[in-house]
There are 2 protein chains.
Amino acid sequence: MIDSKSLQFGPRDSKATIEEGLAFAPKFDEHGLITAMAVDADTNEPLMLAYMNADTLRETLTLGQAVYYSRSRKERWHKGATSGEFQDVIEIRTDCDQDALILRVKQRGGGCCHTKRASCFYRKVTTPAEAGTVMLEKVI
Amino acid sequence: MIDSKSLQFGPRDSKATIEEGLAFAPKFDEHGLITAMAVDADTNEPLMLAYMNADTLRETLTLGQAVYYSRSRKERWHKGATSGEFQDVIEIRTDCDQDALILRVKQRGGGCCHTKRASCFYRKVTTPAEAGTVMLEKVI
């Protein structure tokens, strides 16, 4: 495996470079993070939304498993390291302005979510019929 | 159509309420925004990632079309209002901690992306084989 620290990101020097260029030039926010959505590689079913910093993104690329940055714990988060629910990364895509990532993954273990469900997105928002509190409905 | 201002969100008063409750209690970040990923309602194909504030989220719920908040223009962004590329919202899901949304949409018009592609996620990150700049490959 190559050393993740040897990987570099491209410059974000023009709109054309960012949108049509072929150097990976991810944009990290003011906290040094980029949004990463994990979806099932076979079905595209959304699994979870999390964040990576430059180091964990590089590590994800060399390891082939999702390594996030936990905003609540403020630390590197190799998904599955404690639960066994690793995410093997099949493909990573980035968007036009390179400030978001899609990880197409094969989810190992019992499920993606810490609530033991297959996906974190287990509730849908109901269509409001009247004024008041908007309600959810469990779909998983 | 009911007045979007008449819609309320639930309290975020406990982990149990947020994770297992049925009141929609979205978490907005320090900028008042929540992440919203739009995916194709039929195929789950990721289309774009954007943000909503409380007002545009309420408006999305009553209008049935995606209304985002543009961070670059710092204003309400009714997707399609100028391009015709409206997103009819079929379903909205939220995740365990209710700080992210998935919009399952039917994309109208030519395509989701301002580059005229069907999806903003038209490039994949190649697997690095050696040290140096990580490269992309166009897949759409």
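The values are calculated or read from the model by the stated rules, or taken from the named source; none is laboratory data. Every value quoted in this text rests on a predicted model; they were computed, and no experiment measured them. Positions of Cβ are backbone-derived with ideal geometry, glycine not excepted, and every protein chain shown enters the neighbour counts. Just so you know, the surface numbers come from the protein's heavy atoms only, side chains and all, with ligands and any DNA or RNA stripped out. Shrake-Rupley method; radii C 1.70, N 1.55, O 1.52, S 1.80 Å.
A compact table of results
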read-out: Relative contact order (%) - segment A:28-140, alpha-carbon pairs under 8 angstrom, separation at least six; value: 22
read-out: Shape category assigned to segment B:96-140 from the gyration tensor of Cα positions, a/c cut at 1.5; value: oblate
read-out: Distant-in-sequence amide H partners of B:Asp95 (H built 1.01 Å from N, under 5 Å); value: B:Ala100
read-out: Per principal axis, descending, Cα span of segment A:24-138 in whole Å; value: 49, 33, 29
read-out: Size of electric dipole in segment A:24-138: Cβ of Lys, Arg +1 and of Asp, Glu -1, about Cα centre, debye, nearest 20; value: 440
read-out: Accessible carbon and sulfur surface of segment A:1-102 relative to its total accessible area, %, 1.4 Å; value: 50
read-out: Full-stretch length increase - B:His114, B:Arg76 - with 0.36 nm per residue and alpha-carbon distance subtracted; value: 12.0 nm
read-out: Helix-only mean residue ellipticity at 222 nm for the protein assembly as shown, each DSSP H run of n ≥ 4 adding -39500 (n - 2.57), per residue, nearest 500; value: -3000 deg cm²/dmol
read-out: Rounded accessible area per residue of segment A:24-138, 1.4 Å, Å²; value: 41
read-out: Principal axes of the protein assembly as shown: Cα extent on each, largest first, Å; value: 58, 44, 33
read-out: Where A meets B: accessible area buried, both sides, 1.4 Å probe, Å²; value: 5100
read-out: Protection-proxy order for peptides B:26-32, B:84-90, each taking the mean of Cβ atoms within 10 Å per residue, highest first; value: B:84-90, B:26-32
read-out: Shielding of B:20-31 by partner chains, average beta-carbon count, 10 Å; value: 3
read-out: For residues of B:111-123, the mean tally of beta carbons on other chains within 10 Å; value: 4
read-out: For A:Ala25, distant residues with modelled amide H under 5 Å away; value: A:Gly10
read-out: Average beta-carbon neighbours from other chains, 10 Å sphere, peptide B:98-104; value: 4
read-out: Lys pairs under 17 Å by Cα in segment A:24-138, provided they are eight or more residues apart or on distinct chains; value: 5
